[in-house]
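The values are calculated or read from the model by the stated rules, or taken from the named source; none is laboratory data. No experiment lies behind these values; they were computed from the predicted model shown. Positions of Cβ are backbone-derived with ideal geometry, glycine not excepted, and every protein chain shown enters the neighbour counts. When the accessible area is computed, the model is the full protein with side chains, heavy atoms only, and any ligands, DNA or RNA have been set aside. Shrake-Rupley method; radii C 1.70, N 1.55, O 1.52, S 1.80 Å.
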Amino acid sequence: MGTGPEPAIASLATEDERVAPPEDFVADAHVRDADVLRRADEDWQGWGAEQAGNLRWLAPWQRVLDWTPPHAQWFVGGQLNVADNCLDRHVEAGHGEQVAFHWEGEPGDARALTYAELRDEVARCANALRALGVRRGDRVNIYLPMVPELPVAMLACARIGAIHSVVFAGFSAQSLVDRIEDAGSRGLITADGSYRKGRVVPLKEAADEAMARTDVVDTCLVVRRTGEPVAMQEGRDHWYHDLVPTQSADCPPEPMDAEDVLFILYTSGTTGKPKGITHTTGGYLTQVAATARLVFDLKPDHDVYWCAADIGWVTGHSYIVYGPLANRVTSLLYEGAPDHPAPDRLWEMIARHRATILYTAPTAIRSFMRAGPEHPAAHDLSSLRLLGTVGEPINPEAWRWYHRHIGGGRCPIVDTWWQTETGAIMITPLPGLTHTKPGAAQQPFPGIKPVVVDNEGTPVEPGQGGYLTLQRPWPGMLRTIWGDDQRYRDTYWSRFGEEVYFAGDGAKLDADGDIWLLGRVDEVMNVSGHRISTTEVESALVDHPSVAEAAVAGRADALTGQAIVAFVTLAHDAQERSDLVDELRAHVADRIGKLARPAEVHLAPDLPKTRSGKIMRRLLTDIAEGRELGDVTTLANPDAVRELAERARQEATSRSSGNSE
Ligand code: PRX
């Protein structure tokens, strides 16, 4: 943890710029009164309990919170079922005919699922899982594209008390193996394939490769999506369409303890091994339901809500599946790429469905900017009333573009800061209340206590920067890292003490005390809103026979926030070939997934090291960004470092003159 917070993308020059929520929005908003924040701050446990009270409990809790730092238990003794809350109670209340998901496949095929249909499909899938031997507490890996069966599979697990671990379908077979083995998942739910940018992605092939490398999985359910031929292993693999439709839709939801694990979701840490972030039932559902309702101002009878993320990430878990369904909202669910078959795909869908809320990532917004305002302008986006962003700091320019060209100048924007670990939104404007500032997440969600601290853990004054911490437990917080509680303690609760959650982000308070996020302060990169650890990419590179040593850094990138730059020294017997760089990039994609493929790979005679042999990471970032190096004479190898810097500078120059990629 040598590095301090560094200002990343958000320029602070705009902190005086404020956008007031429109009057007609305020008139109808769930939260209009700043007193909500004050009340929740004074009695944060009472506020949490009030939010939990919006759910259907099968047995009441005895205590709101047991807090033995750094372990929290919320709604102790209470029982509920997540699928029951997301589906059955709405159907029982007479809303069975309301559409839960308008799904659209990339090729244009479509399906609408009402709450009643979704409830029944989930119950049948749950019975199918039981028939395959899956029991309460078992782990089930889900490796599916954005098809309706993905939320169905998650909710089916929740219904019977199985723990799901969703692996983003863009991850490689090896990443899937690592996650299967860490969680000890006996079940796998996958598909024959999916469509992406007009191509078929052969998912079952990757799943087969994964299952060949581990004997943990004994049963595999396969959804037919593309119809391409796939291998089915007798006894292990079962077609979803053979097994699920014949099951009974009678499957009473299993009463789960509030603290039973709902899911594990892996995220990159500062070592090569991803962390199994573990979320439980009652607190998580309470927090995603409350944040979805109040941050997106959800009105179940009117809204058509669209979170254009992938369910494979936490954003999709919390704000495509659990938060919106707990609030009985109608959502859009889309399988494919936002620019396929044309750059206006999203805008055309919004206009056709009269979508009212859009939640997406700054990288996506920047790519829409690049494509040009004529694409949204060609469609009627007047149904939109609220916009959101998540995943990385949004630069004020992108914020203003989003506000103007997508929101028509009329929609409040909620810039929501949170993490896989926090489970739900922690820092955000409230759309009917906050005067928003382009580029700032600004304020705590009610009941949350973010504090920006200096190196010693002392809160900083307005105008200063430091480390972002959360200084109070919250219902949706992670409970541990699956199978490694020590790592949980070390990663989040050792930097500033056992009662202070260390988020790993730099932040700054402006003169008003509003929070601006500045990017990661650890060895984690953020590429297009996805967390990737430098060590993970380094491990993938050294796994290639030609590589002796590798070091990886993130550099600022105008589109993706950060881009991955790798420095590699070759093994003594390796040949420097012209195709080696491409091969190494492909190798990383193969090991981890395409999202981790380095933008640049530099073959280097040596890496910058101290005389004791430690790689100087800070210097690598300077080199990757083409900055002038300071004094390098104390290094073990100053000449090699200067040469490396020179090569990277040339690359940066050709990039800025538009010659690269
Ligand atoms: O660095 C922060 C950044 O994304 C990290 C969390 O990544 P992940 O667990 O994958 O979850 C992403 C979706 C919630 C954070 O540590 N981040 C997320 N939202 C923002 C953000 N940075 C700045 N502004 C945000 N709104």
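Summary table below
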| read-out | value |
| --- | --- |
| Hull volume in cubic angstrom per residue (convex hull over the Cα atoms of region 145-300) | 165 Å³ |
| Check: region 528-660 dipole with +1 on Lys, Arg Cβ and -1 on Asp, Glu Cβ, in debye | 440 debye |
| Value of D in µm² per second that Stokes-Einstein yields for region 501-592, Kirkwood Rh from Cα pairs, at 20 °C (1.002 mPa s) | 143 µm²/s |
| Vicinal HN-Hα couplings computed from phi for region 278-286 (Karplus, 6.51 cos²θ - 1.76 cosθ + 1.60; Hz; Gly/Pro x) | 10, 10, 9, 8, x, x, 4, 5, 4 |
| Mean shadow area of region 348-417, taken as a quarter of the surface of its Cα convex hull (nm²) | 4.1 nm² |
| Region 74-155, Cα convex hull volume normalised per residue, Å³ | 129 Å³ |
| In order through region 474-489: 3J(HN,Hα) via Karplus (6.51 cos²θ - 1.76 cosθ + 1.60), integer Hz, x for Gly, Pro | 9, x, x, 5, 4, 9, 5, 9, 3, x, 8, 5, 5, 5, 4, 4 |
| Estimated [θ] at 222 nm from DSSP helical runs (n ≥ 4, -39500 (n - 2.57)) normalised by residues in the chain, nearest 500 | -8000 deg cm²/dmol |
| Residue-level accessible surface for W57, protein heavy atoms, 1.4 Å, Å² | 50 Å² |
| Stretchable slack from D43 to H71, in nm (0.36 nm times residue separation minus alpha-carbon distance) | 8.1 nm |
| Magnitude of the charge dipole, the chain, Cβ model with Lys/Arg +1 and Asp/Glu -1, debye to 20 | 340 debye |
| Calculated SAXS-style log₁₀ I(q)/I(0) at q = 0.07 Å⁻¹ - the chain, Debye, Cα scatterers | -0.44 |
| Options S331, G466, A309, ranked by Cα towards positive dipole end of the chain, top entry (Cβ charges) | S331 |
| Spin-label model distance (nm) - D606 vs E628, 7 Å beyond Cα toward Cβ | 2.5 nm |
| Spacing of the two label points (7 Å from each Cα toward its C-beta) at R135 and R352, in nm | 4.6 nm |
| Exposure ranking of V91, V152 by accessible area [1.4 Å probe, largest first] | V91, V152 |
| Unit charges at the beta carbon, dipole of the chain: most positive-side option, V177, Y143, A210 | Y143 |
| Where labels lie 7 Å past Cα in the beta-carbon direction, separation of V26 and E646 in nm | 6.2 nm |
| Fully extended contour minus Cα-Cα distance, from R63 to R404, at 0.36 nm per residue | 118.1 nm |
| Kirkwood hydrodynamic radius of region 528-660, from inverse mean 1/r over distinct Cα pairs, in Å | 15.0 Å |
| Cβ charges +1 (Lys, Arg) and -1 (Asp, Glu), total dipole of region 41-161, debye | 660 debye |
| Cross-link reach list, lysines versus K299, counting only Cα pairs under 26 Å and skipping chain neighbours closer than eight places | K437 |
| Where only C-alpha atoms are counted, convex hull volume of region 97-223 per residue in Å³ | 86 Å³ |
| Rounded to whole Hz, the Karplus (6.51, -1.76, 1.60) HN-Hα couplings of region 370-377, x for glycine and proline | 4, 5, x, x, 5, 5, x, 5 |
| Residues with amide H under 5 Å from that of V414, placed H, sequence gap 5 or more | L387, G388, T389 |
| With 5 Å bins from 0: P(r) over region 279-389, alpha-carbon pairs, percent | 2, 12, 22, 25, 18, 11, 6, 2, 1, 0 |
